[in-house]
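Right, one structure below, let's go through it.
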Amino acid sequence: MDQWLKDNLVCPRDKQKLELRGDRLICSENHAYPIVEDVPIMLLEEEERIHNYITETFESVARIAENGAAENESFENAENTVDPFVQAEIPLTCGNLYSPLQHKLSRYPLPEFRMPASDGERLIDVGCNWGRWSITAAQKGYKPVGIDPSLRAILAARRISKQLKLEANFVVGDARLLPFATSSFDAGFSYGVFQHFSKENAKNSLSELSRVVKKDGKIMAQMPNKYGIRSFQQQARRKFSEGEGFEVRYCTPDELMKFFKQTFGETKMTADCYFGLGIQKNDVDLLPTKFKIVVHSSEVLRKISRKLPFMTKVADSVYLEAINQK
């Protein structure tokens, strides 16, 4: 296991330091966490399972303990091939626009990472799944640590980062109980994650993000906007209910700004995309023609919003950018 992880992982229950004993990490209270293929599994059995990934991970860990081997995907890791996990999961990780690309990807859909370039800052990517944001953060000079509750996704993220010859670490864990020491990161990032949480779980997760990022560290998180055109349509379909399970929750710009200011300090909001969530200009060449129009239109409005900031308040997806002061 990577030395940085050995030094900075803590018990998610009591935040105590962990000791590596064989294939487990153990704290002074004897809370134990297994290690699978050098990946720490830092989930808690007693916590609410807010995604099926958590149950799948516990089932996989139990089978591995019984059989003695991880259930790794069969993948040659050739330079120009796309990992089978990504091929299968792409609509779930990137959004409905990507449904026609399932099992048909010719390359990895790697988005533009909009945080400033870095010279080696340690960054936590919360809810990283197969690691697309960790990968682009590494390409921009960060040392990313991705965390996600899915063991299959984390094993895929490790395979892909090795395939692309990038340095990144990955941990299986819960955004609500981050298993890292206080102030262990220089920066924090999350995309498409907190929008699926109840308000209580989102508050807990963002408070945890504030705890693990150093004072004056950069924070950037994506959230959906209640007043976006596509967002309004989606809310109308479910009769403006709050949302259940892993459904998207929507907040107004004022609500988002208020909460991020309370959690981190001074916050800025910028437009991410229009006409949906997860729309990325870097992937336009992969998409069918009708979706290319959506991407180009979204990008035009995003550029306009830089000069006309009020346009941000009708973007479907926004970024909240803060300097951690809490």
Would you mind working out the magnitude of the charge dipole of segment 81-323 relative to its Cα centre, with +1 at each Lys and Arg C-beta and -1 at each Asp and Glu C-beta, to the nearest 20 Debye?
400 debye
Please state the shape class of segment 81-323: rounded when a/c is under 1.5, otherwise prolate if a/b exceeds b/c and oblate if not, all from the C-alpha gyration tensor.
rounded
Singleton cysteines, the chain, no second Cys beta-carbon under 4.7 Å -> CYS94, CYS128, CYS251, CYS273
Which residue, ALA181, ALA271, ALA62, has the most motion in a Gaussian network model of the chain that connects Cα atoms within less than 10 Å?
ALA62
What residue among LYS268, LYS143, LYS307 has the largest mean-square fluctuation in a Gaussian network model of the chain, using Cα springs under 10 Å?
LYS307
When PHE310, PHE275, PHE264 are arranged by how many other beta-carbons sit within 10 Å of their Cβ, fewest first, they go PHE310, PHE275, PHE264
Give me the percent relative contact order of the chain, please, defined on Cα pairs under 8 angstrom at least 6 residues apart.
16 percent
Among SER231, SER134, SER184, which comes first, second and so on when ranked by fewest other beta-carbon atoms within 10 Å?
SER184, SER231, SER134
Label segment 98-203 by shape, choosing from rounded, prolate and oblate, from the square roots a ≥ b ≥ c of the eigenvalues of the Cα gyration tensor; if a/c is under 1.5 it is rounded, and otherwise prolate applies when a/b is larger than b/c, oblate when it is not.
oblate
Do the sum for the chain: with -39,500 (n - 2.57) for every DSSP H run of n ≥ 4, divided by all residues, what is the mean residue ellipticity at 222 nm, to the nearest 500 deg cm²/dmol?
-10000 deg cm²/dmol
Neighbour-count ranking [beta-carbon atoms within 10 angstrom, fewest first] of LYS140, LYS165:
LYS165, LYS140
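Every number here is computed from the coordinates shown, using simple stated rules; none is lab data. Note that this is a predicted model, so its numbers are computed, not measured. For neighbour counting, all protein chains shown are included, and Cβ atoms are generated from backbone atoms with ideal geometry for every residue, glycine included.
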